[in-house]
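*Asks:* Structure incoming, see below.
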Amino acid sequence: MPREKRNRSGRDLIIAERVSKDYKRGRAEIVRAIKEADMEVKDGEFLAIIGPSGCGKTTLLNLLSGLDQPTEGRIIFDGMDTSMIGEERFPLIRREKCGFVFQTFNLIETITAQENVESPLWPTDLNDREITEQAISLLKAVDLLERKDHKPLEMSGGEQQRVAIARALANTPKILFVDEPTGNLDSEAGKSIMELLKKLNEEHEVTVVLVTHNQDLLKYADRVIKLQDGRITES
Amino acid sequence: MVLGTVRLIRKSILVATRARKRLAVFVIVYAILAGMVILSIGRLAGYNTTGLVDQRSVVLEATDFDTITYNQAKNDTTTLSHVEGVDRVVPLYYVNFEGGGDIIRIFGIEPSNRWAFEEIKPDVISSGRYIERGGEILISENANLTTLFEESVGGRTGTIFTKPGLGDTITIAGGEETKTFKVVGTFEEGQVDDDPGNTWMVVTVDDLWLILNDLLRVYEDQTAVINSVLFCYKIVIVAEGSVFWSAVRGGDVWNNVEGIVEFTETTTLQGNYNSPEYTKKADNQNAVIADMMLITVAFLGGALVASMYAFLITRFRRIEIATLKAIGYTNRNVWTMTLGEILLASIAGFILGLLGIAVYLGVTGETVVIFSRTTLLTAFLIVVLIQVPAFILSNKRTLRIPPAEALRTL
Ligand SMILES: Nc1ncnc2c1ncn2[C@@H]1O[C@H](COP(=O)(O)OP(=O)(O)OP(=O)(O)O)[C@@H](O)[C@H]1O
Ligand SMILES: [Mg+2]
């Protein structure tokens with residue numbers, strides 16, 4: 001099924017080496033949410049990670065994106081061992097290279113769609129005009145320009161998720177981490193979100209790492225990894 | 001990163017103003033606190049200003065105008081300044097000018113002692129400001145100055161009435177030379193207990209002597225003249241000690257007040273004074289204890305509410321904060337975002353509290369010096385200061401929110 005992309009070396013953008021993640025539950029119990037996972041994310045691919053609820057998908061995504069640190073093993077992100085990157089520097093790397101799309105959208109409810117899209121750029125040294133231009137062009141790309149002054153709660157779930165995608169793209173990331181993006185949407189809205197992600201991947205060469213339990217989404221992926229009870233069972 | 005940080009503060013204020021209900025609640029809470037802080041700072045300041053006479057002074061007022069001569073009062077001042085527990089003695093002298101049957105009394109006061117002159121202290125200034133240096137004069141609001149003139153040509157005599165106001169100049173001719181004063185303020189006439197038609201004016205002590213010396217130059221026996229034109233209105237004896245700490249330490253300042261009163265009652269002074277006026281120890285002590293409670297509540301309450309606010313902001317906005325971190329905000333960026341909201345709420349609260357206090361004072365008629373620059377500045381600094389634990393708390397809490405939480409919202 002893997003399909004060659006234009007001008008892509010297919011080099012590894014992220015490598016997970018025998019990665020495990022433990023959580024403490026209660027006082028003494030330790031849950032191993034990810035067990036000795038070996039995998040990689042290739043530059044430019046659309047990778048789907050699928051598995052039932054509770055199998056550790058979100059945990060794996062957090063590890064791959066550097067939002068969380070593994071208990072054992074290591075993650076090489078764009079050539080850097082994530083455990084070596086200081087806590088203050090990681091946000092800057094995320095700001096430069098990563099975008100996130102969440103199952104529950106996680107937009108700031110008190111501000112407008114446009115402001116939400118702008119928000120990742122607020123701490124940067126771009127000037128206000130550049131930020132606004134970027135936001136407007138992204139809202140255009142997700143076909144929501146006429147809704148730019150609406151607040152999240154005045155929009156449908158599908159629209160909110162498109163705003164969230166526009167926000168994830170504000171910093172022109174190399175890689176997009178997407179956690180169950182259609183979980184809160186009906187199939188029609190879900191389809192448009194997936195098509196948008198596919199388009200970004202194909203036309204703008206954004207690497208996409210998608211985690212889901214939904215088999216229907218697999219058709220959009222170049223490659224699928226199956227996760228079962230914290231273990232990668234098939235890739 | 002300066003541009004980004006400034007923008008973050010701007011945006012955090014924007015975000016805060018959009019969460020209208022939350023902001024309103026906290027602005028009101030802050031307003032109440034700020035009001036208490038302002039009021040308590042005002043009261044604290046009052047111990048050395050508007051409350052100086054009430055709280056730690058003994059006043060010896062002349063039994064009548066023009067009865068106590070300069071010499072008598074000067075000797076009494078010396079005697080009183082050696083009494084134990086006396087911080088300073090402020091004699092209030094005036095010179096009379098007569099014309100058209102009415103009297104103009106010109107008082108001299110050191111601007112630094114202005115709070116000892118109960119009748120014409122700065123908070124009864126109705127327009128303009130208090131005198132600060134030589135050449136400046138205060139007059140009563142509706143002063144009608146009567147000047148007698150004799151016109152040599154034609155031999156007629158007549159009277160000129162003038163009603164000087166703020167900014168006018170008044171020329172006082174003592175003997176040969178004239179001295180010109182600028183009216184920098186007027187005071188409420190009701191404060192002065194004198195025959196109607198008599199006018200009061202206030203200049204600095206040095207200016208009073210300039211006027212006087214000029215008057216005197218033409219006379220041989222200056223001492224006699226001084227004693228016939230310069231009189232003492234009252235002597236204010238300020239007791240030593242801090243009103244604030246006295247409440248804690250058993251009331252030493254009020255013990256001093258009582259010691260001074262006892263001295264004046266058992267010693268024969270040269271001038272004829274009414275019995276000493278002062279506030280009883282218990283009354284003052286109760287008032288100060290009430291003030292101290294207000295201050296404590298304001299400070300502790302302020303710190304508590306600010307911390308609570310910081311706690312709640314980071315709690316309400318937990319997912320938001322985790323999300324911001326996930327999309328590339330550093331801890332400092334996130335903290336800046338919460339800072340703006342706290343800052344906005346506290347500044348808006350401060351202004352609202354100030355307005356509230358103005359209304360409260362208007363209704364109760366209580367005189368507290370709150371609208372002085374120092375009081376307001378101090379109060380604002382304190383309001384900012386009691387936020388420090390809140391800032392630290394919010395910083396700690398935002399630090400602790402892991403960005404991974406953004407992905408776990410179900
Ligand atoms: N912070 C945590 N503390 C303790 N246990 C956790 C924590 N986060 C996740 N777990 C546990 O780790 C396991 C994997 O969780 P994870 O959220 O990664 O699953 P998931 O595949 O994303 O599930 P879903 O499809 O429901 O989102 C679960 O058993 C979960 O209870
Ligand atoms: Mg999950």
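*Asks:* Collect the residues in region A:165-184 that are within 12 Å of another protein chain (Cβ to nearest Cβ) and either over 24 Å from residue A:64 (Cα atoms) or within 16 Å of ligand 2 (Cβ to nearest atom) (or both), keeping them in residue-number order.
*Replies:* A:177, A:178, A:179, A:180, A:181, A:183, A:184
*Asks:* Let me ask you something else. I need a count of the residues in region B:220-241 that are surrounded by 15 or more Cβ atoms within 10 Å (Cβ to Cβ) and not in a helix (DSSP H, G or I).
*Replies:* Looking only at that region, the number is 12.
*Asks:* Inside region B:10-37, can you point out the residues that are more than 10 Å from chain A (Cβ to nearest Cβ), closer than 24 Å to residue B:329 by Cβ and open to solvent by 40 Å² or more (accessible area, probe 1.4 Å)?
*Replies:* B:13
*Asks:* Mind listing whichever residues of region B:311-360 are more than 38 Å from the chain's Cα centre (by Cα), of a type in the set (Phe, Trp, Tyr) and farther than 20 Å from residue A:95 by Cβ?
*Replies:* B:316
*Asks:* Tally the residues that are within 11 Å of chain A (Cβ to nearest Cβ), of a type in the set (A, V, I, L, M, F, W, C) and either touching a Leu at 6+ places or on another chain (Cβ under 6 Å) or touching a residue at least 60 places away in the same chain (Cβ under 8 Å) (or both), restricting the search to region B:324-357.
*Replies:* Qualifying residue count, region B:324-357: 3.
*Asks:* Same structure again: Conditions first: (1) within 30 Å of residue B:22 (Cβ to Cβ); (2) within 16 Å of ligand 2 (Cβ to nearest atom); (3) without any contact (Cβ under 8 Å) to a residue 60 or more places away in the chain. Residue A:112 passes all but one, so which condition is the exception?
*Replies:* Here residue A:112 clears every test but (2).
*Asks:* A further question on this structure: Checking the condition surrounded by fewer than 21 Cβ atoms within 10 Å (Cβ to Cβ) and over 30 Å from residue B:407 (Cα atoms), which residue from B:350, B:311, B:299, B:316 passes?
*Replies:* It is B:299.
*Asks:* Restricting attention to region A:174-225, and to residues there that are among the acidic types (Asp, Glu) and away from ligand 1 (no atom under 16 Å from the Cβ), which single residue is nearest to residue B:328 (Cα to Cα)?
*Replies:* Checked region A:174-225; the qualifying residue nearest to residue B:328 (Cα to Cα) is A:205.
*Asks:* Ok, one more. Listed residues A:114, A:161; which is more than 22 Å from residue A:43 (Cβ to Cβ) and open to solvent by 20 Å² or more (accessible area, probe 1.4 Å)?
*Replies:* Working: A:161 fails: open to solvent by 20 Å² or more (accessible area, probe 1.4 Å).
Within the list A:114, A:161, the selection yields A:114.
*Asks:* Regarding region B:362-372, can at least one residue be identified that is of a type in the set (Asp, Glu), open to solvent by less than 30 Å² (accessible area, probe 1.4 Å) and within 38 Å of the chain's Cα centre (by Cα)?
*Replies:* No - not one qualifying residue is present in region B:362-372.
*Asks:* Conditions first: (1) facing chain B (nearest Cβ under 10 Å); (2) farther than 26 Å from residue A:181 by Cβ; (3) not polar (S, T, N, Q). Residue A:107 passes all but one, so which condition is the exception?
*Replies:* In the conditions (1) facing chain B (nearest Cβ under 10 Å); (2) farther than 26 Å from residue A:181 by Cβ; (3) not polar (S, T, N, Q), residue A:107 misses (2) alone.
*Asks:* If residue A:192 passes every condition in (1) surrounded by 20 or more Cβ atoms within 10 Å (Cβ to Cβ); (2) polar (S, T, N, Q); (3) not in a loop (DSSP other than H, G, I, E, B) but one, which one does it miss?
*Replies:* (1)
*Asks:* Just a yes or no: is a residue in region B:380-397 crowded, with 17+ Cβ neighbours inside 10 Å and either within 18 Å of residue A:120 (Cα to Cα) or among the hydroxyl-bearing types (Ser, Thr, Tyr) (or both)? Break it down into steps so the answer makes sense when it comes.
*Replies:* The initial filter retains those residues of region B:380-397 that are crowded, with 17+ Cβ neighbours inside 10 Å, namely B:380, B:382-383, B:386-387, B:390-391, B:393-395, B:397.
Among the residues that remain, those that are also either within 18 Å of residue A:120 (Cα to Cα) or among the hydroxyl-bearing types (Ser, Thr, Tyr) (or both) are: B:394.
Yes.
*Asks:* Output the residues belonging to region A:38-55 that are away from chain B (no Cβ under 12 Å) and within 12 Å of ligand 1 (Cβ to nearest atom).
*Replies:* A:49, A:50, A:51, A:52, A:55 - these are the residues of region A:38-55 that are away from chain B (no Cβ under 12 Å) and within 12 Å of ligand 1 (Cβ to nearest atom).
*Asks:* Next up: The conditions are (1) at the interface with chain B (Cβ under 8 Å from one of its Cβ atoms); (2) surrounded by fewer than 20 Cβ atoms within 10 Å (Cβ to Cβ); (3) of a type in the set (S, T, N, Q), and residue A:132 fails exactly one of them. Which is it?
*Replies:* Condition not satisfied by residue A:132: (1).
*Asks:* Would you check which residues across region A:64-101 are more than 9 Å from chain B (Cβ to nearest Cβ) and within 16 Å of ligand 2 (Cβ to nearest atom) and list them?
*Replies:* A:64, A:101
*Asks:* Next question. Can you tell me which residues in region A:143-158 are open to solvent by 10 Å² or more (accessible area, probe 1.4 Å) and in a loop (DSSP other than H, G, I, E, B)?
*Replies:* A:143, A:148, A:149, A:150, A:151, A:155, A:156
*Asks:* Here's something else I'd like to know. Considering region B:242-262 alone, what residues qualify as being open to solvent by less than 30 Å² (accessible area, probe 1.4 Å) and either without any contact (Cβ under 8 Å) to a residue 40 or more places away in the chain or within 11 Å of residue B:289 (Cα to Cα) (or both)?
*Replies:* Passing the criteria: B:243, B:246, B:247, B:251.
*Asks:* Further question: Tell me yes or no: at least one residue of region A:78-95 is touching a helix residue (DSSP H, G or I) at 6+ places or on another chain (Cβ under 7 Å), crowded, with 21+ Cβ neighbours inside 10 Å, of a type in the set (Asp, Glu) and closer than 29 Å to residue A:194 by Cβ.
*Replies:* No; the residues of region A:78-95 include none that is touching a helix residue (DSSP H, G or I) at 6+ places or on another chain (Cβ under 7 Å), crowded, with 21+ Cβ neighbours inside 10 Å, of a type in the set (Asp, Glu) and closer than 29 Å to residue A:194 by Cβ.
The values are calculated or read from the model by the stated rules, or taken from the named source; none is laboratory data. Remember, predicted model here, so these are calculated numbers, not experimental data. Because the Cβ atoms are built from the backbone with ideal geometry, glycine has one as well, and the counts that use them run over all protein chains shown. Remember, those area values only see protein heavy atoms, side chains included, never the ligands or the DNA or RNA. Shrake-Rupley method; radii C 1.70, N 1.55, O 1.52, S 1.80 Å.
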